[in-house]
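Data block below; observations after.
The values are calculated or read from the model by the stated rules, or taken from the named source; none is laboratory data. Just so it is clear, the structure is predicted and the values come from calculations on it, not from any experiment. Areas reflect the complete protein model, heavy atoms only, side chains present, ligands, DNA and RNA absent. Shrake-Rupley method; radii C 1.70, N 1.55, O 1.52, S 1.80 Å.
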Amino acid sequence: MDDDFAAGADGSNTIGASCTWCSADIDGSLDVGLSDIFYLVDNWGPCASCPGDFNEDSNIGVSDLLYLLQEWGCTIEDPV
């Protein structure tokens, strides 16, 4: 069992401090890749509360694309 994941005495689950995640993983695939960039392109423009609106300006634009490219290749292992 991975030390980062454990069950608490009350049955709750905890995640250790060393757990990492990919903040630009829009589709939940545990990595940042083509499907995430396709989502940005498909939803380009005004988009209130969209997963790809990383800077939260209610618009998917260049700054969101640049952030995704910065995170490109980020991968985590499935904890299950």
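Sorting 27, 53 on solvent-accessible area from highest to lowest, probe radius 1.4 Å, gives 27, 53.
Residues 57, 31, 42, 36 ordered from highest to lowest accessible area at a 1.4 Å probe: 42, 57, 31, 36. Multiplying the residue separation of residue 38 and residue 58 by 0.36 nm and removing their Cα-Cα distance gives an extension gain of 5.4 nm. Accessible-area rank, largest first, for 56, 71: 56, 71, with all protein chains present and a 1.4 angstrom probe.
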